[in-house]
Structures are given as C-alpha cells and as structure tokens.
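Participant: Take this structure, written in structure tokens, and hold onto it; I'll ask about it next.
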Amino acid sequence: MTTNGYLLDHTAAERLAGLGIRRFQVSLDGPARHHDHTRVRADGQGTFDRIWRNLLSIRDGSVDAHVLLRVHLTPGNLDVMPAFLTQVRDTFLDDRRFRVFLKRVVRLGGAGDASMEVLDAEDERIAALEEIVVSDGQGESLFEAEQVCYAARANSMMVRADGRLGKCTRRPVRTRQHRRAPAPRRHAGGGHPARFRRWLQGWESRDAELTACPYEAFTRQGPQLLQLTARPGS
Ligand code: SF4
C-alpha cells in the first residue's frame, strides 16, 4: 500500500496486516520544513509531525509489516538531506522492517513542468546521499530498484481521498490520458476489463518501458498505443 502515512499509525498497520496488507510505502519530501511546504492538509496545516509519530509508533510496535520510506530529492531540499537522512537512518534503519529509497523528483508533464527545477540524474550529490543511508552497518543495499511501477501491477489500485479508483498516483485524474484509460469499477470474470488491461500491457508485450511507467507510454504514444488494446465500448 502506498500512502501518505497520515493515518498509518501502529493500530492501523496492525489492522491492515491482519487483512494481509503488510507492505507500506510512505513518501517524505524532507524534514518538516520541506515536507509541510508540499504536503499540506485542506486547512493548510502541515503533516510531517503526525506522519513521523505514526512511523515511530510502528517502529515501537511489533506489527509484522515492512515500511519503505521513499525520500524525494529536489534542488531545494538537497542541502538538508545529509542531516535528514542521518536522522532517518538513526531512527529507523536498525529495525529491518524499515527501508529507504531515494527518488529524484522528475518532470512528468503538466502545467508546472516548465518552472520545476529537478536534479540531474548524474548529480554526484545523489550518490553521496545514498552513501549516508547505506552505511548503516548492515552491509546490504537499502534501496529497491523501481523497475516496475505499481501502476503496472494487476493487484495495485489507487484510492483517492474521495473514493475514486485509479492506477497512477502521480498524475491528476482529469488529464486526457487518464480519462481515456481509467481503472475499472469492477473486474469482469475471467480477465481484466480493457481499461484496466491498458495499464498492464507491458507484461504482454514484454516492453520494460511500459511496465516501468505505463503513463509515460500513454503520453508519448497516445492514441496509437491506446488503440492497441482498446475494445469497442471500452
Ligand atoms: S505510471 Fe508513471 S507517472 Fe504514474 S505512478 Fe507509475 S511511474 Fe509514476
């Protein structure tokens, strides 16, 4: 389950684990000063302190689950990352249920893309940050390669705050591509409905690009790609 972590305290994690959901991903945009700038409640209040408390409650409990902390890197938060990642490491990474994944924020299209500053993929400072988190004494990588997006997984659904279902959490549902390729309301017996299947087609075509980011494929190849799997009436 990918979640902002705002409601994921130890009690919620226990309940979900009891239902078979034992893997959680929580995104952090940096320490409170940065996270509360980008992840705000409807009333404008920040969310970092509560999320951090929730993570601590999971750490201090005994729930049989794993938490992947996805830490976002931008030019704006890079300076504070050495201290923040050190804090994350010292707070959570002695507990093997916790792992860290550093993710460079990238442009994915949309109105704010042109003005958005992103780090270069080859930026040496990113490797230096990885060193901080890897050097936890456990002698193993704490990072998971994101070779397959959850949107390409058949058992992955996104639930918006208003209850709507989708596949890709990173794109607003109002975009044209997402209107044309939404998740289904229900599964048809014996297979995936065509709209759902569009997100999974990388498995059939064995195209790694389509499993790494189905939405990118929709964007780039647009109608041509959609025609590959579109069915009458879908
Ligand atoms: S489909 Fe692409 S844009 Fe959407 S969540 Fe996956 S990687 Fe991100």
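The values are calculated or read from the model by the stated rules, or taken from the named source; none is laboratory data. Predicted, not measured: the structure shown is a model, and the values here were computed from it. So basically every Cβ, Gly included, is an ideal-geometry build from the backbone, and we count neighbours across all protein chains shown. Only protein heavy atoms, including side chains, enter the accessible area calculation; ligands, DNA and RNA are left aside. Shrake-Rupley method; radii C 1.70, N 1.55, O 1.52, S 1.80 Å.
Participant: Identify all residues within segment 134-152 that are surrounded by 15 or more Cβ atoms within 10 Å (Cβ to Cβ) and either within 16 Å of the ligand (Cβ to nearest atom) or at pLDDT 85 or above (or both); write none if there are none.
Facilitator: Here is the first cut: in segment 134-152, the ones surrounded by 15 or more Cβ atoms within 10 Å (Cβ to Cβ) are 134, 136, 142-143, 148-152.
Matches in segment 134-152: Val148, Cys149, Tyr150, Ala151, Ala152.
Participant: Only residues in segment 72-100 that are in the same structural domain as Ile58 (by TED's automatic domain parsing) and part of a loop (DSSP other than H, G, I, E, B) count as the first member; pair them with residues that are open to solvent by 50 Å² or more (accessible area, probe 1.4 Å) and charged (D, E, K, R), Cβ under 6 angstrom, at least 6 apart or cross-chain, and list the lot.
Facilitator: Pro75/Glu117; Asp95/Arg59
Participant: Any residue at all in segment 179-195 that's open to solvent by 40 Å² or more (accessible area, probe 1.4 Å), closer than 25 Å to Asp207 by Cβ, modelled with pLDDT of 75 or more and away from the ligand (no atom under 13 Å from the Cβ)? Break it down into steps so the answer makes sense when it comes.
Facilitator: First pass over segment 179-195, keeping only residues open to solvent by 40 Å² or more (accessible area, probe 1.4 Å): 179-180, 185-190, 192, 195.
The next check asks that each one be closer than 25 Å to Asp207 by Cβ; those that pass are 179-180, 187-188, 190, 192, 195.
From what is left, the residues that are modelled with pLDDT of 75 or more are 195.
After this cut, where a residue has to be away from the ligand (no atom under 13 Å from the Cβ) as well, the list is 195.
Taking every residue of segment 179-195 in turn, at least one turns out to be open to solvent by 40 Å² or more (accessible area, probe 1.4 Å), closer than 25 Å to Asp207 by Cβ, modelled with pLDDT of 75 or more and away from the ligand (no atom under 13 Å from the Cβ).
Participant: Hey, another quick one. Can you run down the residue pairs with Cβ atoms below 7 Å, 6 or more apart or on separate chains, where the first is in segment 47-62 and under 11 Å from Leu8 (Cα atoms) and the partner is in a helix (DSSP H, G or I)?
Facilitator: Leu55/Phe92; Ser57/His10; Ile58/His10; Ile58/Ala13
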